[in-house]
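Visitor: Got a structure here, written out as structure tokens. Questions coming.
Every number here is computed from the coordinates shown, using simple stated rules; none is lab data. Keep in mind that this is a model prediction, so the values were computed, not measured. When we count neighbours, we look across all protein chains shown, and the Cβ atoms used for this are built from the backbone with ideal geometry, even at glycine.
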Amino acid sequence: MSLLSRFQLRFRKGEGRLVASEPILLESASPSGLNDLTERLNRWGRLWSPAEDESEHTHAQRIVTRRLTGWMERCFGEHMPASLSGAGDPISLASSMPVLTAFLGRRATRELSRRVLRDV
Amino acid sequence: MFDRGAPRLVRAIWTLFSVHFALGIIAYLHFLVTGTYVWLGWFFVVAGSLFFLVMTATECWLAFTCRSWFDADEPMRLAWGMIAFAALARLAGVVIREVADGRLPWGPVQLRPLFSGVFANLGQMGLFVGGPLSMAFLAIGLGRVLQTQRRFRLRGPLTLGDRVLLVLIVAFSVSQLLINLSLLGGHPSPGTVLLWLSDPLLALLLIEAVLVRRAVVRIGQGLLAKCWGMFVMAIVTTSLGDAAIWANNHDLLSERLTALSWYIWFVAAAAFASAPAYQLAAISIVQEPNLRQPASR
């Protein structure tokens, strides 16, 4: 069940009553803050799933790929990274997290991803 | 039987098996030299029963621990739940048979079977619980594992050998079913009919084992591959044990070979216990606080 469906279910049951609150005054974001956020999101996106046409991988991407490959070999087997990457692309967080979550469980995979992304 | 880098629990299981097996070989040699069943009988009744109890209890505990690592909405929770229930049924089967045989320190216990209308005696009930019932749970659990493997395309294509093996399994299963159906005219007890389910269920498990093995061959020798490999080994050895019983019933084995074939069941028990130990090792390895990041070649 999605997060939205859960919320709607709870709301229908009357568990989540809306409470009127004081209007929140939001300050308009500064252009530099937005740029910073965009840069962070793009960086995370590239780390999660490197684009196929990306000619040069960054140092962080290489570290993540190397660590992921090591974990896949240790948990599944030495041929797992090759069978997962398919057309020869290096394995990424996007391609490896679903299979790791399925066979190791959500909690173990959360800890594993923490280790993969440490100091990156 | 296991590599030096195997997880601690797996090493413990196979070390215990090795010690137990060495004792068994001494008892077997005594049987070969003297021709009497004194030592062999002691080994199977006391040490053998204890080994089965320890292995099935360990398997049960490990499988329930594996299950607890998955949340309610995760598909592998059902798989490990079913595997844990299979282990629990095998443990219950061992205990019921021990009670039925009166192999307890306080002597034989007279118990009325729970389902006296279905089973002829407590021993038959133990055979059903530890046999077909346990196999049914395991078949559902492995079916779920196969489903998940298929989702991620982890299974390699079947070879010609696999296809021939699958055809043979199905043919043998159908022939056994036909033999059993012809016996229905003799009005067998419901318990006996329930025990006939073990052949088709074992055939189903063998088919699943062939498919699981394809995934193991495809991905290599990691902890999860070894976990599935242990299930394959356990199912194959169980089938060999069943085949030995069938051959003995048809006077196809000598007395010496019959006694030797009883040892197969210890290998199956150790393999069944090792499977969840490997899965738990794969889960725990990411939790170890001082673990080095694995380096890729």
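Visitor: How large is ³J(HN,Hα), in whole Hz, for each residue of region A:109-120 in order, when computed from phi with the Karplus curve 6.51 cos²θ - 1.76 cosθ + 1.60 and θ = phi - 60°, using x for Gly and Pro?
Guide: My calculation for region A:109-120 gives 5, 4, 5, 5, 5, 4, 5, 5, 8, 4, 6, 9 Hz in order.
Visitor: Skipping prolines and chain starts, which residues have an amide H placed within reach, meaning under 5 Å, of the one on residue B:220, given they are 5 or more residues away or on another chain?
Guide: Here the answer is A:79, since their amide H atoms fall under 5 Å of that of residue B:220.
Visitor: Give me B:37, B:28 ranked fewest to most by other Cβ atoms within 10 Å of their Cβ, as a rough exposure proxy. Please report the intermediate quantities before stating the final value.
Guide: Numbers: B:37 15, B:28 19.
Ascending number of Cβ neighbours within 10 Å: B:37, B:28.
Visitor: Would you work out the relative contact order for region B:8-283, in percent, from Cα pairs under 8 angstrom that are 6 or more residues apart?
Guide: Working: 327 pairs, mean separation 61.3, N = 276.
Relative contact order, region B:8-283: 22 percent.
Visitor: DSSP H helices in chain B with Cα extent of 30 Å or more along the helix axis and mean Kyte-Doolittle hydropathy at least -1.0?
Guide: Working: long enough: B:8-34 (39 Å, 1.43); B:75-101 (40 Å, 1.05); B:160-183 (35 Å, 1.79); B:198-219 (31 Å, 1.41); B:223-249 (39 Å, 1.03); B:264-285 (31 Å, 1.56).
Taking the DSSP H segments of chain B (at least 30 Å long, mean hydropathy at least -1.0), we get B:8-34, B:75-101, B:160-183, B:198-219, B:223-249, B:264-285.
Visitor: Further question on the same structure: Would you calculate the convex hull of the Cα atoms in region A:58-120 and tell me its volume per residue in Å³?
Guide: 74
Visitor: Hey, with R₀ at 41 Å, roughly what FRET efficiency would residue B:8 and residue A:119 work out to, going by the Cβ-Cβ distance, to 0.05? The partial results should precede the final answer.
Guide: Numbers: r = 29 Å, r/R0 = 0.71.
Approximately 0.90, to the nearest 0.05.
Visitor: Report the net charge of residues surrounding residue B:71, where surrounding means a beta-carbon distance below 13 angstrom and charges are Lys +1, Arg +1, Asp -1, Glu -1.
Guide: On the way: positive: A:106, A:107, A:110, B:67, B:77; negative: B:73, B:74.
It works out to a net charge of +3.
Visitor: Using only the alpha carbons of region B:8-283, what is the convex hull's orientation-averaged projected area in square nanometres? Intermediate values should be presented prior to the final figure.
Guide: Details: hull surface 66.1 nm².
Approximately 16.5 nm², given one-decimal rounding.
Visitor: Can I ask one more? For B:154, A:41, what's the fewest-to-most ordering of other Cβ within 10 Å of each Cβ? Walk me through the intermediate numbers first.
Guide: Details: B:154 26, A:41 10.
The fewest-first ordering by Cβ neighbours comes to A:41, B:154.
Visitor: Residues of B:279-288, mean number of Cβ from any other protein chain within 10 Å of their own Cβ, rounded to a whole number?
Guide: Details: counts 3, 0, 1, 9, 9, 1, 6, 15, 5, 2.
That average works out to 5.
Visitor: Only helical DSSP H runs with n ≥ 4 go in: add -39500 (n - 2.57) per run for chain B, normalise by residue count and round the 222 nm mean residue ellipticity to 500 deg cm²/dmol.
Guide: Details: 12 runs with 213 residues, N = 297.
Only helices count here, giving -24000 deg cm²/dmol.
Visitor: If you wrap a convex hull around the Cα atoms of region B:118-255, how much volume per residue is inside, in Å³? Spell out each step's value before the answer.
Guide: Numbers: hull volume 19.6 nm³, N = 138.
Cα-based convex hull of region B:118-255, divided per residue, equals 142 Å³.
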